[in-house]
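A.B. asks: Below is one structure. I have some questions about it.
The values are calculated or read from the model by the stated rules, or taken from the named source; none is laboratory data. Nothing here was measured: the structure is a model prediction, and the numbers come from that model. FYI the Cβ positions are ideal-geometry reconstructions off the backbone, even for glycines, and counts take in every protein chain you see. Please note that ligands, DNA and RNA were not included when accessible areas were found on the heavy atoms of the full protein model with its side chains. Shrake-Rupley method; radii C 1.70, N 1.55, O 1.52, S 1.80 Å.
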Amino acid sequence: MTARRSFRRLILATTTVMLSVGAHAADLVIAMPNWSSGEATANILKVSLKKEFGLDADAVPMGTLIAFAGLNTGEVDIHPEVWLPNLDNLVKKYVTDAGTVAISPMGVPAWQGICATSVAADKYGIKNISDLSDPKKTASLDTDGDGKGEMWIGAETWSSTTIERIRANSYGYARTMRLLEMPEDVGMAAVDAAEATDRPMVFGCYAPHVVFKLHDIVRLTEPPFDAAKWKIVLPSEDPSSWLSKSSAAVGWDTAHYHIAYANALREKHPEVARFLDRIDFKPEEAIDMSYALQVERQDPYKFAEQWVAKNEDRVNGWAKP
Amino acid sequence: MAAGLAVSVSIAFAAGTQVYNPQTRQWIDYDRTKAYKYYKLHKQVPESFRKQVVKFRTAERPGTIIIDGNQHFLYLVQPGQQAIRYGIGVGRDGFGWAGIVRIGRTAEWPTWTPPSEMVARDTKAAKWANGMPGGPDNPLGARALYLYEGDNDTIYRIHGTPEPWTIGLDVSSGCIRMNNDDIVDLHSRIEVGAKVIVLMQGAALYKGV
């Protein structure tokens, strides 16, 4: 998951226009990512900080690289979603080496793998990664009559897509399946259309993601991550034989995302630093946040107000002295 | 241009496809002969290819068009996790591509100009080398929605047809064809700039059904 999202977010980081954060009178500045769970979390923090500590915080849209630069200089106080190990290089630079940024110890676990619609799992028996190498089962996924099933493995630009190709090759289902690369909106709309007509579909996926709330989706089981069996050579490293030199017949490693904040906050507002260190969002909550903003198109601030009201005891617990 | 090719290929090819029966939730083989007979008997296409509101859960905004060439459906996303579903006809070799485009412009009773290769080999097409005015016999039908990628015309269109019984088949040459009533309805509901997602399965893979 991480490779893909890190790519996407680095792009965001370089293209998002940073608003002026010096011209307002707010007590704190929260960097607001432009993906839905990050946007929701930024607003939940804004509402909670006002409620618990009477502090005014501005949630300012900005990309990750700019946010880290701001955390480093003190122009930004909080970043709600920092993905690890994706952003390990930024963590080394600012947390380990410069010591200007802190990472909350609580992480939300993120998952990546191959998913199936419930029709594919229940009616056609595609439940384990090895089922994708069974031509009798994958025939149900053939949409163009060539005998091979089709599956979407990610966007062309995601580095995770290359790794999914390596995994398909290592597991052997590259022989029974045609691997499709398309933008995420195309892949997700294909899931929507398959579900609307009870057609089976298998696709690359990651969680937290709204697809798990939109549809009844099954994660294919596979052998757990094993660093010794995860040998990835990227096309950029070896353009001609990256695929033959790579091998990864195991599941992805688990990633986590954390809240980050400027270390200066420990002195300026120690109660806020303590609060941030205790926040423990669950993956299901992240899916609900994304669903509310992305599918139901709820206003992020109003959603945050309701979330904080509904989770009052928990928020109070995080804020306890 | 791609739409123009539809006229010639629709005579030469017998395309097979499947029809979804919502009652039994099964897919039934559907070919050119069945399609023609059905239309002659009922004066309309099978139920699954008629315009209808269906449950459609998606993160896409209302107003987005999703084209599933494999199953011969075009969805117009509506509020409340629903969509208006229309039956479509697609290319005999599939739609030929997939991805995200937008409606760049639209036209009512568009003029059809046959491509030069067609003018050269087909005397009927040659007659319209400088453009066939819009009307009931025009292969583009009552409306055309021109698909753009950025500011560039992709040459693909969603358009009407004078051959309504071909809805549900793979007979044209890359364009999306709909019944005239349906394309008029769709045209009235969409806005220029609307997002169009062309799915990659089946028909989009150059293979056809």
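A.B. asks: Please enumerate the residues belonging to the range A:119-162 that are of a type in the set (Phe, Trp, Tyr) and farther than 16 Å from residue A:175 by Cα.
C.D. replies: A:124, A:158
A.B. asks: Follow-up question, since we're still on this one. What helices (runs of 4 or more DSSP H) lie completely within the range A:217-321 and have 1 or more residues being in the same structural domain as residue A:201 (by TED's automatic domain parsing), of a type in the set (Ser, Thr, Tyr) and within 21 Å of the chain's Cα centre (by Cα)?
C.D. replies: No helices (runs of 4 or more DSSP H) qualify here.
A.B. asks: Further question: Residue check: is residue A:145 within 12 Å of chain B (Cβ to nearest Cβ) and of a type outside the set (A, V, I, L, M, F, W, C)?
C.D. replies: In short, yes.
A.B. asks: Name the residues in the range A:290-306 that are in contact (Cβ under 8 Å) with a residue 12 or more places away in the chain and either open to solvent by 80 Å² or more (accessible area, probe 1.4 Å) or within 29 Å of residue A:73 (Cβ to Cβ) (or both), would you?
C.D. replies: A:300, A:301, A:304, A:305
A.B. asks: Any idea which of A:168, A:174, A:190, A:194 is open to solvent by less than 20 Å² (accessible area, probe 1.4 Å) and over 24 Å from residue B:83 (Cβ atoms)?
C.D. replies: Checking each option against the conditions leaves just A:168.
A.B. asks: Additional query: Can you name the residue in the range A:67-89 that is farther than 19 Å from residue A:265 by Cα and not in a strand (DSSP E or B) and, of all such residues, is most open to solvent (accessible area, probe 1.4 Å)?
C.D. replies: A:89
A.B. asks: Okay, next question. Quick test of your reading of the structure: residue A:157 fulfils all but one of (1) open to solvent by 20 Å² or more (accessible area, probe 1.4 Å); (2) in contact with a strand residue (DSSP E or B) (Cβ under 8 Å, 6 or more places away or on another chain). Name the failing condition by number.
C.D. replies: So the condition that residue A:157 fails would be (2).
A.B. asks: Quick check: anything in the range A:90-97 in a loop (DSSP other than H, G, I, E, B) and crowded, with 17+ Cβ neighbours inside 10 Å?
C.D. replies: No, there is no match, as no residue in the range A:90-97 is in a loop (DSSP other than H, G, I, E, B) and crowded, with 17+ Cβ neighbours inside 10 Å.
A.B. asks: Which one of these is aromatic (Phe, Trp, Tyr) and within 28 Å of residue B:57 (Cβ to Cβ): B:97, B:109?
C.D. replies: Only one candidate qualifies: B:97.
A.B. asks: Taking the range B:196-209 only, how many residues are modelled with pLDDT of 60 or more, facing another protein chain (nearest Cβ under 8 Å) and either outside any loop (DSSP other than H, G, I, E, B) or surrounded by fewer than 23 Cβ atoms within 10 Å (Cβ to Cβ) (or both)?
C.D. replies: Residues in the range B:196-209 being modelled with pLDDT of 60 or more, facing another protein chain (nearest Cβ under 8 Å) and either outside any loop (DSSP other than H, G, I, E, B) or surrounded by fewer than 23 Cβ atoms within 10 Å (Cβ to Cβ) (or both): 3 in total.
A.B. asks: While we're on this one: Condition first: away from chain B (no Cβ under 14 Å) and surrounded by fewer than 21 Cβ atoms within 10 Å (Cβ to Cβ). Now tell me which residues in the range A:106-120 satisfy that.
C.D. replies: The answer is A:106, A:107, A:109, A:111, A:113.
A.B. asks: Hey, another quick one. Conditions: (1) touching a helix residue (DSSP H, G or I) at 6+ places or on another chain (Cβ under 6 Å); (2) modelled with pLDDT under 85. Residue B:59 meets all but one. Number of the miss?
C.D. replies: It fails just one condition, (2).
A.B. asks: Then there's this: Which residues, counting only those in the range A:207-234, are touching a Lys or Arg at 6+ places or on another chain (Cβ under 7 Å) and more than 14 Å from chain B (Cβ to nearest Cβ)?
C.D. replies: Residues satisfying the conditions are A:218, A:220, A:221, A:233.
A.B. asks: Kindly check whether there is at least one residue in the range A:156-167 that is within 10 Å of another protein chain (Cβ to nearest Cβ) and either closer than 28 Å to residue A:233 by Cα or not small (Gly, Ala, Ser) (or both).
C.D. replies: no
A.B. asks: Of the residues that make up the range B:135-151, is at least one at pLDDT below 85 and among the polar types (S, T, N, Q)?
C.D. replies: no
Here's the yes/no breakdown for (1) over 21 Å from residue B:199 (Cβ atoms); (2) not in a loop (DSSP other than H, G, I, E, B):
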{"residue": "B:29", "(1), (2)": "yes, yes"}
{"residue": "B:35", "(1), (2)": "yes, yes"}
{"residue": "B:38", "(1), (2)": "yes, yes"}
{"residue": "B:44", "(1), (2)": "yes, no"}
{"residue": "B:54", "(1), (2)": "no, yes"}
{"residue": "B:60", "(1), (2)": "no, no"}
{"residue": "B:77", "(1), (2)": "no, yes"}
{"residue": "B:83", "(1), (2)": "no, yes"}
{"residue": "B:86", "(1), (2)": "no, yes"}
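A.B. asks: Give the residue, chosen from A:192, A:198, that is free of Cβ contacts under 8 Å to residues at least 40 places away in the same chain, facing chain B (nearest Cβ under 7 Å) and not aromatic (Phe, Trp, Tyr).
C.D. replies: Selected residue: A:192, the only one of A:192, A:198 that is free of Cβ contacts under 8 Å to residues at least 40 places away in the same chain, facing chain B (nearest Cβ under 7 Å) and not aromatic (Phe, Trp, Tyr).
A.B. asks: Mind telling me which of the residues B:151, B:122 ends up being farther than 24 Å from residue A:185 by Cβ, touching a residue at least 40 places away in the same chain (Cβ under 8 Å) and of a type in the set (D, E, K, R)?
C.D. replies: B:122
A.B. asks: Follow-up question, since we're still on this one. Please go through the range B:83-106 and pick out each residue that is at pLDDT 95 or above and within 10 Å of chain A (Cβ to nearest Cβ).
C.D. replies: Answer for the range B:83-106, where residues must be at pLDDT 95 or above and within 10 Å of chain A (Cβ to nearest Cβ): B:83, B:85.
A.B. asks: Are any residues in the range A:220-250 touching a Gly at 6+ places or on another chain (Cβ under 6 Å) and surrounded by 17 or more Cβ atoms within 10 Å (Cβ to Cβ), and if so, which ones?
C.D. replies: Across the range A:220-250, the qualifying residue is only A:222.
A.B. asks: Regarding residue A:55, is this residue on the phi < 0 side of the Ramachandran plot, out of contact with any Lys or Arg (no Cβ under 6 Å at 6 or more places or on another chain) and modelled with pLDDT of 95 or more?
C.D. replies: yes
A.B. asks: Which ones in the range B:174-191 are touching a Gly at 6+ places or on another chain (Cβ under 9 Å) and either crowded, with 21+ Cβ neighbours inside 10 Å or in a strand (DSSP E or B) (or both)?
C.D. replies: Across the range B:174-191, the qualifying residues are B:174, B:175, B:176, B:177, B:178, B:179, B:182, B:183.
A.B. asks: What is the residue count in the range A:264-289 for residues that are surrounded by fewer than 19 Cβ atoms within 10 Å (Cβ to Cβ) and either over 30 Å from residue B:56 (Cα atoms) or touching a Ser or Thr at 6+ places or on another chain (Cβ under 7 Å) (or both)?
C.D. replies: Number of matching residues: 10.
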